[in-house]
Amino acid sequence: MKTAKWRRLVRTPTVFALGCVTSIASPATAGRVALTFDDLPVFGKLVTAADGADVTDKLLVGMARHHWKATGFVNEIQLDAADRPQRIGLLRRWLDAGMDLGNHTYSHVSLSTTPVDAYIANVVRGETVTAPLLAARGMRERWFRYPYLETGTTKATRSFFQAWLKGHGYRVAPVTMENSDWQFSAPYDDAVERGDVRRAAAIQRSYLDFTRRIVGWYRRAGHTLFAREPAFVFLLHASRLNAASVDGLAAILHKQRLRVVSLDNVMRDPAYRTPDRYVGPDGNEWLERWATTLHCDLPFKSIPKVPEPIVADDARLEALTDPHAR
Ligand SMILES: [Zn+2]
């Protein structure tokens with residue numbers, strides 16, 4: 001399967017800067033964050049379920065160590081292989097570990113490029129295994145995460161699909177914090193596969209350093225919008241890199257005084273009642289959408305950038321796996 005990647009945010013801030021908080025000092029109070037992992041069972045190359053089991057176990061054992069509960073978003077196309085029962089077993093492990101599962105469409109399609117009827121059919125197909133797994137535990141599939149965060153290029157498409165989601169008991173899981181983990185993931189996997197331990201460790205250090213800086217930026221950006229610390233929804237992927245980095249991520253969240261809570265908990269923050277009126281092709285996260293609603297300007301001048309060697313290595317590996325990808 002072609003690696004499902006979340007495109008880099010398109011940064012096209014408009015200068016409004018009226019009625020917002022101009023200070024970009026870090027808020028002093030403790031905050032809350034919900035962790036969400038996309039592209040389950042495993043982000044990146046899933047050759048066999050046995051490979052995936054290693055990533056899944058490390059990720060779940062790591063999260064248990066920190067008493068974290070998270071929500072995983074499934075692409076059921078990944079289950080379509082000879083070892084399908086084992087792959088389904090990976091999703092069971094998430095539920096066994098007390099995690100919730102949501103729908104990320106069957107095959108990671110974009111609402112920007114897929115007609116809405118076909119898109120809805122893809123979402124429904126994405127329930128085939130996940131919904132019964134949840135039902136067997138008295139749970140219900142109720143969260144939806146847009147692939148690429150693309151929510152529709154016309155008002156009609158956007159409204160039609162949102163009404164469909166509501167009618168089928170889904171809530172949109174927004175994203176208000178992300179660390180471009182997908183971009184570090186392929187270079188890390190490549191280093192691990194080649195047995196280059198030193199390179200893998202260097203990529204992980206770079207990833208955690210970037211995460212530390214970007215989490216700080218998101219906190220400042222949130223404070224700019226709301227004049228207080230909003231609760232965050234952190235987008236991560238179910239990758240080998242994150243499986244190896246749980247303790248590093250925990251140290252960063254601890255230092256930033258961010259406590260891990262459930263998605264339900266974060267969604268009760270009134271910030272999440274801010275209307276998102278964005279219509280267009282960009283896969284923007286929600287702080288940027290709300291900035292437009294609130295006529296506010298986020299501090300993009302100070303946003304950390306993914307180191308160039310990582311971007312280049314990721315592009316090189318993407319071109320190797322799919323010569324038409326870029
Ligand atoms: Zn995804």
Could you report the accessible area of F43 in Å², rounded to 10, computed with a 1.4 Å probe on the protein chains as they sit in the structure? 10
Answer with one residue from S159, H295, T113: the one whose Cα lies farthest towards the positive end of the charge dipole of the chain, charges on Cβ with Lys, Arg +1 and Asp, Glu -1. H295
Sum up the charges of everything whose Cβ sits under 15 Å from the Cβ of R92, counting Lys and Arg as +1 and Asp and Glu as -1, but leave R92 out. -2
Ranked order, E308, E76 - accessible area, probe 1.4 Å, largest first: E308, E76
The whole-number value in µm²/s of the Stokes-Einstein translational diffusion coefficient for region 31-321, with Rh from the Kirkwood sum over alpha carbon pairs at 20 °C and 1.002 mPa s, is 110
Radius 15 Å from Cβ of H295, net charge of other residues (Lys, Arg +1; Asp, Glu -1): -1
Ignoring ligands and nucleic acids, Y106 exposes an accessible area, probe 1.4 Å, in Å² to the nearest 10, of 20
Evaluate the charge dipole of the chain about its Cα centre and quote only its size in Debye, nearest 20, assuming +1 on the Cβ of each Lys and Arg and -1 on the Cβ of each Asp and Glu. 900
Per residue, how many Å² of accessible area does the chain show with a 1.4 Å probe? 43
For V74, the accessible surface traced by a 1.4 Å probe with all protein chains present amounts, in square angstrom to the nearest 10, to 0
Quick check: with the 1.4 Å probe, what order do D314, D209 take by accessible area, largest first? D209, D314
Can you give the Rg and Dmax of region 34-84 based on its C-alpha atoms, in angstrom? 11.6, 34
Which percent of the accessible area of region 31-321 is formed by carbon and sulfur heavy atoms (probe 1.4 angstrom)? 56
So what's the back-of-envelope 222 nm ellipticity for the chain, counting only DSSP H runs of four-plus at -39500 (n - 2.57) apiece and dividing by all residues, rounded to 500? -13500 deg cm²/dmol
Determine, for each peptide in 133-139, 84-90, the mean count of other beta carbons within 10 angstrom over its residues, then list the peptides with the highest first. 84-90, 133-139
Extreme residue, positive dipole direction of region 66-222, given options V172, G102, Y218 (C-beta unit charges): Y218
Dimensions of region 110-180 along principal axes (Cα, Å, largest first)? 37, 32, 17
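The values are calculated or read from the model by the stated rules, or taken from the named source; none is laboratory data. Small disclaimer: the values here were computed from a predicted structure and weren't measured. Neighbour counts are summed over all protein chains in view; Cβ atoms, including those assigned to glycine, are modelled from backbone coordinates with ideal geometry. The area values use the complete protein model at the heavy-atom level, side chains included, leaving out ligands, DNA and RNA. Shrake-Rupley method; radii C 1.70, N 1.55, O 1.52, S 1.80 Å.
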